Each structure stands twice: as C-alpha cells, then as structure tokens.
Amino acid sequence: MAQRVQFPADFLWGAATSAYQIEGSPLADGAGPSIWQRFAHTPGMMHNDDHGDVACDHYRLWKSDVALMKQLGLKAYRFSISWSRVLPEGKGRINAAGLGFYDRLVDALLENGIEPLVTLFHWDLPAALDDRGGWLNPDIASWFADYAQVMYKALDGRVKKWATLNEPWVVTDGGYLHGALAPGHRSRFEAPIVSHQLLRAHGTAVQAYRATGKHQIGIVVNLEPKYPASQSQEDAAAVKRADAYMNRQYLDPVYFGSYPEELREIFAEAWPEWPAADLELIKQPIDYLGVNYYTRNVTKHHAHNYPLKAASVKQHATYSETGWEVFPQGLTDILLWVKQRYGNPPVYITENGAAFYDPPVAEGGVLDDPLRVIYQKKHLVAVANAIAQGCDVRGYMAWSLLDNLEWSHGFSKRFGIVHVDFATQQRTIKASGKHYAKVIATNGAILNERAG
Ligand code: BGC
C-alpha cells in the first residue's frame, strides 16, 4: 500500500508571483524603468509584442488580490520588490510612493493572516544600473546591499522571510549567455562574471541583513535533476557538466565557498579565477534554501552544443506548454540531493507549477484545468515523499497565484491557479486553485483520497 501523504503541522502553504510579471504601472508614482521595461519595448524581443505595462494590474488591484489569497486560504504569499520602484535610479534617492506600495501590501497580508515572503531581486534590474554595466559591474554588490538595507529597514519584522535573488542561473543563462531574456546579451565571457557578481551581491545582502535583520534570509535557485540518457562515459560526463552548470554553480559557492570544477571546462578561456576573499563573502550562512522546481532533464553528450556539449533527450511523457517534461519524481530526487549534498538545510519550495493551455475567457466563471490539477497533486506527493525520507521541507509556494506575463513568452503561457482575463482583469479561481484550497484546508490530507 502506498504510504500516507503527510505534511508537518506548521507547513507553510502559499503561492508566488514576481513584480514585473503581475504589477503593471511600471513607471507610476515616480518609479524608474527596469531592464524588463526596456527589453519588452524593444521590437522582436517579446512574443506578440507583449509587455508588462498592465499585466495583471496588481499595482492597482492589490487589495482584491489579497482578498483572493484569503479566499484560497493561503498561509503565505511570495512576491518580489521592484527595485526601481523603490530606488528609481537603482541607488541613492528613495521613492517614498514606491516603498509605500509594498508597505501597504505587507500590512494587508498580515491583516489577513498571510505571511509575506519577500524576494529582493526577481530579474527586473533598474535600467539606470544597467547603464552602469549592471551585473557586469563589481560595484553592484554594494548597490544591492544598499537597496536591501532600505527594504530591511522598512519591512523587517513584518517580513520574516527574505530571499536575496531569484534564480541567478536564469539571469546569467537567459540574460547574458543566450540573450532570450533581459538584458539580451550573448556572451560566453560575460556569463561567469555575471554569476559571480550575482553571488557577491547575495553575500553582501546577507551580511547586511545580519547587521540589522532579526529573522530569516535565504536564496532561491531553480534546480533540475539531470539523468544520463545512457550508461556511456560520454553521457555521464555530459550529466556532470549540465548538473554543475545549473545546479551546483550557485549552491557550491554559497555552501562550500568554491565553484564546481566542471565550470572551468565549460567556460574554458572565458573562466576567470576569482579572489578567495570573494568566495568567503559568498559563503555567508543562510537560514533556508528556496527551491524552484519545474522539470528534469535527460542528458546526452552532444559535441556541438554550446556551452555544455550536452543535449536533452525527449521522453515519451507529458510535456507542458513550455516544453518541459512533467516528472514529479525529479522533485523528490532533487530534494534528497540537496539534503545529502548540502547538509539537510531547511527548504521552502518557492515555485512549482506548470503552463497548460487555458482559454482566454473563463466562460460562466468556471475554468477546468485537469492537467494542472494532476501536476499539482503529483508534485505535492513528491514533496511529501521527500519529507518522509528526512528532507527538511517547510513550505510550498504554487507558481503562480495568477496567470501573468511569462517573460519573453508574453501572456501566451498560463501558469496561474487563478485565471486572468487580460481584457477585463477578471480573476477566476481555476479547478487547480480550488483543489489547492482543499489541500491547504486539510494540510495535505486530501491527497490521500483517490478521487480527491
Ligand atoms: C521564474 C518565474 C517564471 C517561472 C516559469 C521561474 O523560472 O522564477 O518568474 O515565470 O519559472 O517559467
């Protein structure tokens, strides 16, 4: 008989979003532009020329969105701060109106019994800092720490769980190596520099938190287990490279103060050697690890694929609209890997979810999304399995609360457990949202019902 699915009594059930993907009003009330504002308004960069000028209009609809969270029974809400709303030039002058938005949001969440989890950087770098080199400029570590301090001063205490960065790998790989995301660079030489400066920024922000903050701070990474396509030595080596690049590139420096060896091979002459003092800075103790999980990768050697000399092998399986294999076991596997490799740190699943096709309008106020319901159930069972095997997983944030701007895919990929009609801003709780509400209300016990 299958094991009973069980979650710890104080398990933190929530949902996640990010600023540029939902807020809209990117330049309202004195906010400065971000690199995503610029990128989205550059012809050819976005699917359907979509942009975040309105998105889910959350900047104006935040009160009713908090009511929606309450209706779902969320115990936590993970969101990110738009750096350039608070500091229009990225540093220096504080925009009180921008800060006020987050201040009011946090109060409203607390009044409704919802714990805010705040991410300081979810990709929307202030454009003014990009003009100074952005993540390529080593000064960014202190710019980031100064910004972080502004936020700690304003919200720490009311906010008890902070994250420095969301998915540094995506910033580097998408923003600076392959160019599909802002700021759209394509440079093998920039990529390792950007990763390193992201990590230094993380380190300085954690250090700054220790000076004044009283609660918890961590980092959010996207992890994707890599499995070999065959038993060959070549494929085994390809798996090691892919794993080092995506999974260990950030966590090894944070936990061990060293980069994986494979990065030297991957970046070759583009790999700089970094001062030991930088690695000491990066290796600040953190209070928890945020894990975003979407899919796995079955990896094979491929001599011509840049930069990993690896390719992924399609499986006979369900794939989501973003072309990602649905593979719940990978979530259990990666959590066990984190436990074993990094000493069983407290973990929050900070994102998990899937894009499946939903119609643009929820006819009759109903939206059935059976594939997303199945995805959700299976991944929650995968989390419970990891907990049963000793992983210290303390919470789960569904990605995403709302259908939103899926970066350069624009509005074409819907990840929400709540449907958004982008023509009217009407919100409709999808079947997956209703199911999630039951999961929360029963602390996961509903997952034991066969037809639940
Ligand atoms: C990001 C989200 C994104 C999601 C789905 C993660 O990479 O943190 O912003 O929407 O995955 O692609």
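The Cα center of the stretch 167-205 and the Cα center of the stretch 336-377 differ in position by 26 Å. Residues whose amide H falls under 5 Å from that of Ile349, counting only those 5 or more places apart or on a different chain, are Val291, Arg394, Gly395, Tyr396, Met397, with hydrogens built in the peptide plane. Looking at the chain, the DSSP beta bridges with both ends there are about 20 percent antiparallel. Here the chain is treated with +1 on each Lys and Arg Cβ and -1 on each Asp and Glu Cβ, and its dipole about the Cα centre works out to around 1020 debye.
Nothing charged except the Cβ atoms of Lys and Arg (+1) and of Asp and Glu (-1): what's the magnitude of the dipole of the stretch 7-86 about its Cα centre? Round to the nearest 20 debye. Before the final figure, lay out each step's value.
Working: 7 positive and 8 negative charges, 55 e Å.
I would put it at about 260 debye.
Ordered by packing density, taken as the mean number of other Cβ atoms within 10 Å over each peptide's residues, highest first, how do 395-406, 9-20 rank?
Values: 395-406: 25.8, 9-20: 21.9.
Ranking the peptides 395-406, 9-20 by packing returns 395-406, 9-20.
A straight line joining the Cα centroids of the stretch 217-235 and the stretch 267-324 runs 7 Å.
Along the charge dipole of the chain, Cβ charges K/R +1 and D/E -1, which of Asn48, Ile35, Gly343 sits furthest on the positive end? Result: Gly343.
Remark: relative contact order (the chain) = 18 percent; criterion is Cα-Cα distance under 8 angstrom and separation of 6 or more residues. Largest first, the three principal axis extents of the alpha carbons in the chain are 59, 57, 45 Å in whole numbers.
Only helices enter the 222 nm calculation for the chain: every DSSP H run of n ≥ 4 contributes -39,500 (n - 2.57), and dividing by all residues gives -11000 deg cm²/dmol, rounded to 500. Positive-end ranking of Leu74, Asn404, Leu279 along the dipole of the chain, with charges on Cβ about the Cα centre, is headed by Leu74.
Across the options Val383, Val326, Ala310, the greatest Cα extent toward the positive end of the charge dipole of the stretch 309-386 (unit charges at beta carbon of Lys, Arg, Asp, Glu) belongs to Ala310.
Counting only lysines at least 8 places from Lys153 when in the same chain, those with an alpha carbon closer than 20 Å to its own are Lys91, Lys161, Lys214.
Would you please put 270-279, 32-41 in order of how densely packed they are, using the mean number of other Cβ atoms within 10 angstrom per residue and starting with the highest? Before the final figure, lay out each step's value.
On the way: 270-279: 13.1, 32-41: 22.2.
The peptides rank, most packed first, as 32-41, 270-279.
So how strong a dipole does the stretch 345-418 carry about its Cα centre when Lys and Arg Cβ are +1 and Asp and Glu Cβ are -1, to the nearest 20 debye? Please report the intermediate quantities before stating the final value.
Working: 6 positive and 8 negative charges, 49 e Å.
Dipole magnitude for the stretch 345-418 comes out near 240 debye.
Can you order the peptides 289-301, 95-107, 52-64 by their average number of other Cβ atoms within 10 Å per residue, highest first?
Values: 289-301: 22.8, 95-107: 17.5, 52-64: 19.4.
By packing density, highest mean first, the sequence is 289-301, 52-64, 95-107.
Taken together, the values in this text are just the output of simple stated rules run on the coordinates, not laboratory data. In this text, all values refer to a predicted model and were calculated from it rather than measured experimentally. Backbone-built Cβ (ideal geometry, glycine too); neighbour counts: all protein chains shown.
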